[in-house]
Every structure is written in C-alpha cells, then in structure tokens.
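Have a look at the structure below, then the notes.
The values are calculated or read from the model by the stated rules, or taken from the named source; none is laboratory data. Note that the structure is predicted; figures quoted are calculated from it, not measured. Here the Cβ is made from the backbone with ideal geometry for all residues, glycine too, and neighbour counts use every protein chain on show. All accessible areas refer to the heavy atoms of the entire protein, side chains included, with ligands and DNA or RNA removed. Shrake-Rupley method; radii C 1.70, N 1.55, O 1.52, S 1.80 Å.
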Amino acid sequence: MGNYYSHNSTIKIKRKYSHKLNEFTDSRSPTEPTEPHEENLLQKYYLPNNNEDIDRQHAHHFVKRYLFQGYFSSPIEKKINQEGFKVLDVGCGAGTWLLDLANKYRNTDFFGLDIKPIFPNEIKPGNIKFIEADIFNGLPFPDNEFDFVHMESMHLIFTLDQWIYAISEIIRVTKPEGYIELSEAYTNFKGYGPIRIKIIEALNKACLQRGVDVNLASRLDNILQSLQGVTNINRDERTVILGPNGGQPGIVFQDLFINFCTSDLSLEIFSSLLNMTKDTCKDLFLNDLKNESKQSKAVSEYYLVRYWAQKINNN
Ligand SMILES: C[S@@+](CC[C@H](N)C(=O)[O-])C[C@H]1O[C@@H](n2cnc3c(N)ncnc32)[C@H](O)[C@@H]1O
C-alpha cells in the first residue's frame, strides 16, 4: 500500500500533469524534502491516529453541516435518493459524512475510500461500502461510475501536484452531468491577534516544508477550471469568527483546533517549530490563545468553502 508521501506516486503525478503545475506554483511552495525524522512525525500528524482524531472529525462534520444548513451544496437533492444513485467520498476518514447521509438517503449506494481503514467495517448501514486504497494509485473504479463524488479536508495534506492528480481522478470516475464537490477551509489572517498569527504561521511553515501550500484551498475553483472536463463551477462559502466572539460555531471550531494542536504529537511538532518547551507550548494554546480570542476586538475569520461543479457530457 502506498501513501501520499510515496516517492513513486509523486513522480507518476508529476509526469502526468507537469504541464498544469506551473499555472498554480507559488513562490511559497518549496519542494525540498524534510529531514527523515521530521517527515515521519508529520506523516503521522496529518493522518488520523486515534479516537480523539475520529471524535474531532465527527464534531467537525456536524458543525459544518449546521453552518451550511445541509450535507452538500451541489444541486442533487432531487436525485440523490433515487434507486441506483451512486456517491463516493474520497479520503472519507471515519466515514462521518457518509454515515450521516446513508441514514437519510436509504436508496442511495454510498462508497468511502481511505488510505487508513479507520472507517467502521461492521456496524454501518447496509448501503455503504468502505474501501482501503491510496488515491495516488488511481481511484479503483472505472470511468463514469458515480453520480456524485465528494472530498473534504485535504488542505493540510495535498501538494499542488497531488490536488491536480486527485481532482483529475475524481472527474474521471464521475458520470457525465454528475457532480463533484470539494469541501475545504482556509484563512487569510483577517482579524488575527499576534498569538494566533504566530501559531498559524508555524503550522503553514510546517506544511510548506512538505511542499503543501495551505492557501491552495482558497482557489480550488481555478484548478477545476484549468483541468477542464467540468462546467458550472461554483463556490459556496461561510465565514466563522473563531472563539467566543463567533458564538457557538466559533467556540466549537476554536476548541477543535486547540484539541488538534495539544495532542502529544502536535505538541512535539509545535514546540520544535516555535522553539518552546512542550509545556509552554500547551500553555500558549490553552491559555494565551483562548484569552486572546476573548478580547472584544478579536474577530479572527476562518473560511469554510465548498466548490462544486458538473462533469461535462461530451456525447
Ligand atoms: C483530515 S482527514 C478528513 C477525513 C474526512 N474527509 C472528514 O472530512 O472528516 C483526511 C483523510 O484523508 C485520508 N488520506 C490522506 N491521504 C490519502 C490518500 N493518498 N489516499 C486516500 N486517503 C488519504 C486520511 O487517511 C484521512 O482520513
């Protein structure tokens, strides 16, 4: 089984899509490899590891569903529950999105794919099938197979060439006139206080060391446009103010972020990036960041965006 750090996968992607890479390459996207120790640590860090990661995925799904007032933004509501309608979730993680949908749309066939089998294999609705696979070996489905393909929360994981490869594969397996949807988050530091800036800059730096430009999540519509094969490209966006000034959603997103940053593994990474002891680092998240976000002038914006598009019918 390969993984998203696989050298061969990356070479394969670069060969296939090298003509597309220049359009999006950003001077902030270095590709130098990290030190082996650091790479192993970061690899573990960005893949779900334990029950806490799974709980976080569940909570994240439900607060997002609330903010968007729906499971998806693509115009499939009238068709989704029809017999034979097929939905794929790529990088489905614990399967939260699929489990929620499968209970609502009983006639639909749902498929989830993830490199890490943290999805439930036995206790699940009968209309979901989970598959363990690496997207960078190609999606293990024929062309034009699904009516709707969804992928969520890959902005800390994919490099530009991986985005291009993954989206191309998603387009390939979607039926003509079917829909694809990419659900992501990004920030532009608007309203951020000095502590949050310091933390986010460290996180972005760690991603850049792996060639991951987190800002790509704010312009996936441009990538969709450049890849052709899809039309009717849309962007559906919500803004959350992080912390208590953003009401209940702001508190939930802030807590999820702090929970993510204060695991043992995260603290190991952040303490090295910020040149602090683990205890000081933990204090930075649990006290300093929380206090900063309570101030009335703290209006740190965080953007949640769903890109959706329709596959072109060439016939
Ligand atoms: C941040 S989690 C998001 C999970 C889920 N989509 C959600 O929103 O809750 C990213 C997921 O992508 C999976 N992933 C990362 N690289 C992958 C690859 N090359 N092929 C398949 N899945 C991958 C990880 O194992 C993880 O479950």
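Spin-label model, ASN222/GLN248: points 7 Å from Cα along the beta carbon direction are separated by 3.7 nm.
Overall shape: prolate for the stretch 7-311, with the ratio a/c of the largest to smallest alpha carbon gyration tensor axis at 1.5 or above and a/b above b/c. Can you compute the label reach from ILE131? Point 7 Å from Cα along the Cβ direction, backbone N cut-off under 17 Å, restricted to the stretch 140-176. Only 140-152, 166-176 pass the distance filter.
Nearest 0.05, what FRET efficiency do GLU52 and ASP279 give at R0 = 25 Å with Cβ-Cβ as r? FRET efficiency, GLU52 to ASP279: 0.80.
Carbon and sulfur: what percent of the stretch 7-311's accessible surface (1.4 Å probe)?
49
In terms of the mean number of neighbouring beta-carbon atoms within 10 Å, the peptides 270-277, 79-86, 134-141 order highest first as 134-141, 270-277, 79-86. Computed extension length for ARG238-SER272: 8.9 nm, one decimal, from 0.36 nm per residue of separation with the Cα-Cα distance subtracted.
Sorting the segments 96-104, 70-78 by their residues' average number of neighbouring beta-carbon atoms within 10 angstrom, most packed first, yields 96-104, 70-78.
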